[in-house]
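Student: Can you read through this structure? Questions will come right after.
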Amino acid sequence: MIILGRSVTSAVSLLVIGNLLATFGDVSIKSAGHDIPIFQFIFIRVICTVLLLLPFYRMVAWSNVFVGSRVHFIRGNIWVLATVLLVLSLQLLPLSTANAIFYTVPILIIVLSTVFFRESLTPMIVLVVISGFLGILIILRPTEISWGALYALAFSFLLAISSVLIRKLPKGQSLVHGLWMTCVFALPLSFALYLWEGEPFNVAMLGYVISSSICSIGYAVASMAAYRYIAANRITSAEYTGLIFAVLAGWLLFDEEPDIWFALGAVFIIVPVYLLGRTKRKIK
């Protein structure tokens, strides 16, 4: 029996597939349009994710289901707020530009880990952080910073916080358990926002909600399988295929044409993180 993710090649393949699914998820959100009731979209997305996870109920440790609940609660509410920002940024920005900004998450994780976990700073890490933020400025250009860009940056910051909080979760908890509890704790806030929004039920957006939920879970499962057996610094560069997929999807589906500033900024964001991964690999 072949177990995917046990070799570097299969792990990289899983990450490529996962990032392709993530791009499809972003396309689904962007295709839903600018006039959708956002809080209703998010609440239904939470419900769909919970239902889609039901077949994997055996991977939830029901006897200790509430272990780590405080962290799950924080991550669940962050997830709701981050999804609001994700939808807004995808509505207002080209798909490729939004995704380029999203790839600052590893840089923000480095900064947060240094602040909260006292991780040591090396010259290479400092270079990655400075280069990443220069990349953002090159892509956005200060004269063209918009609400969409600010939403994308805020989304990246919240996602980085959520990722850092994973370290606080109990050891040995499955990804499905984490996803399940995140969604459970996301339900109250998403439902309250849905009621506050007060919009009539939008049947037309259901297909987009379901497809984005499936793609989100698919990316999470692919990542779990990829990183389970192989060290992250050996395969993480495969994550950047997502930016290629985003550029292609934006060009083919939304008539978006990235300019030279986008390409240059993406290089400033991606290359240093890739080199950092290679440096860590050589040290090991």
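Each value in this text was obtained by applying a stated rule to the coordinates, not by laboratory testing. Note that this is a predicted model, so its numbers are computed, not measured. Ideal geometry is used to build each Cβ from the backbone, glycine not excepted, and the neighbour counts take in all protein chains shown.
Student: Stick to the Cα atoms of region 8-283, pair each with every other, and give me the Kirkwood hydrodynamic radius in Å at one decimal.
Tutor: Result for region 8-283 stands at 19.4 Å.
Student: Put a dot 7 Å past each Cα toward the Cβ at PHE191 and ALA204; how far apart are the dots in nm?
Tutor: 2.9 nm
Student: Can you list the HN-Hα couplings for region 81-88, worked out from phi with the Karplus curve (6.51, -1.76, 1.60; θ = phi - 60°), rounded to whole Hz and with x for Gly and Pro?
Tutor: Those phi angles translate into 5, 5, 5, 4, 5, 4, 4, 4 Hz.
Student: Which one, VAL115, SER89, MET205, is farthest towards the positive end of the dipole of region 8-283 when Lys and Arg carry +1 and Asp and Glu -1 on their Cβ?
Tutor: Ranked along the dipole, the leading option is VAL115.
Student: I'd like the projected area of region 30-132, averaged over all directions, using the convex hull of its alpha carbons. Report it in nm² with one decimal.
Tutor: Spelled out: convex hull of the Cα atoms, projected over all directions, averaged, 9.4 nm².
Student: Could you give the nm distance between label points at LEU54 and ASP35, where each point is 7 Å from its Cα heading toward the beta carbon?
Tutor: 3.3 nm
Student: I would also like to ask the following. Mind checking the dipole of region 8-283: about its Cα centre, +1 per Lys or Arg Cβ, -1 per Asp or Glu Cβ, Debye to the nearest 20?
Tutor: Its charge dipole is roughly 1440 debye.
Student: List the chymotrypsin sites (Phe, Trp or Tyr not before Pro) within region 1-98 that fall in a DSSP loop (any state other than H, G, I, E or B) and whose Cβ has at most 16 other Cβ atoms within 10 Å.
Tutor: When the chymotrypsin sites (Phe, Trp or Tyr not before Pro) of region 1-98 are filtered for loop state and at most 16 Cβ neighbours within 10 Å, PHE66 remain.
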